[in-house]
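Step one of this worksheet: look at the structure below.
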Amino acid sequence: MNPVVSRPERRPPGRALPVFPWDTLADARSRAAAHPDGLVDLTVGTPVDPVAPVIREALAADAAEPGYPTTVGTPALRQAAVGALARRYGVTALTTDAVLPAIGTKELIAGLPAQLGLGPGHTVVVPEVAYPTYEVGALLAGATVVRADSLTQLGPSAPTLLYLSSPSNPSGKVLGVDHLRKVVGWARERGVIVASDECYLGLVWEGEAPSILDPRVCEGDHTGLLALHSLSKTSNLASYRAGFVAGDAALVAELLAVRKHSGLMMPLPVQSAMAAALTDDAHEAEQRERYRARRTRLRPAVEAAGFRIDHSEAGLYLWATRDEPGRDTVDWFAERGVLVAPGEFYGPAGARHVRIALTATDATVDEAVRRLA
């Protein structure tokens, strides 16, 4: 009888990941739902407004196509992305071979470190308060995660990948041109890839928010830079899973090679819908004004209830605190039938804040304002 050959113990990747944060809100959700007038959910930034007709018509026009789509995306989609970044954010020197669609930006972020060849021994820098998937993607690749908001915190180190988030999820903080220029210069001196999450770039309420690909930031040279974009927020396409990455053509080619082998293809009807959304600015402006109106009503109500709003000059959230543990604030809101997200979901530095979403219907926002009063 042949002896059994030994093998390493299997290590399911999920064991290395943090607890899925939203699962920890079950008790607060139950308390808020027990309110006599029902639950007002201001946690997740999921769209509630309808998809614009021009987008739905484009989706339907290709609904009968039976063949496989391409991973690289249609020429129309990639050209629409180049045009939208130029019109909306002043990005220059971008070519269609430097654009790649993604099946939602969360998928892209979760796989980005591994698809760029990172693994054990590599370091990924994420903001101190950050979208959790930056960390998750690094951990899935086996890389080390460091939280830092300033270059001085990193000292002489040379990480492989550095994430920026401007406007930030969750805080709405915006990084200016000078800050971004400094990061780009620092990264290029060390050969660091910069991935800038710009999913909220179209939702600025105060001042301006430049892209990492803005010529004032990078002088038209996209080497080492990746800008991550989503149509979930500005075009209400969360259910379509419509995102893309743009920037350094060589890095985009690396991602394309991996994603082709992995079968990461955006459905063709969604590609057509996405091209329509990127070509039409009117629906995007209309949606932005809906969110502006909700913010104008909700922010004063939160402040009048005794909270301070930090940052929040852009994006779909109010980053609120009254200088107490965030879970205590969650409980205070839950007693009034309102559910908000604890800031600790986004890192230890957010432990005394809560994130309040503007992605609720007008009637729901009005009800939240009434309860806070």
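The values are calculated or read from the model by the stated rules, or taken from the named source; none is laboratory data. Small disclaimer: the values here were computed from a predicted structure and weren't measured. Glycine gets a Cβ as well: all are built from the backbone with ideal geometry, and neighbour counts include every protein chain shown. Heads up: the accessible areas ignore ligands, DNA and RNA and are worked out on the full protein's heavy atoms, side chains in. Shrake-Rupley method; radii C 1.70, N 1.55, O 1.52, S 1.80 Å.
Taking the criterion of being in a strand (DSSP E or B) and of a type in the set (D, E, K, R), the only residue of the range 174-206 that qualifies is Asp197. Check whether at least one residue in the range 307-320 is open to solvent by 60 Å² or more (accessible area, probe 1.4 Å) and among the acidic types (Asp, Glu), and report yes or no. The answer is no, given that none of the residues of the range 307-320 is open to solvent by 60 Å² or more (accessible area, probe 1.4 Å) and among the acidic types (Asp, Glu). Contact map, the range 66-89: residues that are free of Cβ contacts under 8 Å to residues at least 12 places away in the same chain paired with residues that are surrounded by fewer than 18 Cβ atoms within 10 Å (Cβ to Cβ), Cβ distance under 8 Å, separation 6+ or inter-chain. Pairs shown: Ala86/Thr92. When the strands (runs of 3 or more DSSP E) confined to the range 81-173 are screened for residues that are in contact with a Gly (Cβ under 7 Å, 6 or more places away or on another chain) and open to solvent by less than 10 Å² (accessible area, probe 1.4 Å), those reaching at least 2 such residues are found at 99-102. Considering only residues of the range 32-56 that are in contact with a strand residue (DSSP E or B) (Cβ under 9 Å, 6 or more places away or on another chain) and not in a loop (DSSP other than H, G, I, E, B), which is surrounded by the fewest Cβ atoms within 10 Å (Cβ to Cβ)? So, considering only residues that are in contact with a strand residue (DSSP E or B) (Cβ under 9 Å, 6 or more places away or on another chain) and not in a loop (DSSP other than H, G, I, E, B), the one surrounded by the fewest Cβ atoms within 10 Å (Cβ to Cβ) is Ala33.
Scanning the range 145-159 for residues that are at pLDDT 95 or above and of a type in the set (Val, Ile, Thr) yields a count of 2. Elements of the type strands (runs of 3 or more DSSP E) sitting completely within the range 259-373 and holding at least 2 residues that are under 25 Å from Gly207 (Cβ atoms), outside the structural domain of Ala102 (by the TED database) and within 19 Å of the chain's Cα centre (by Cα): these cover 317-321, 354-357.
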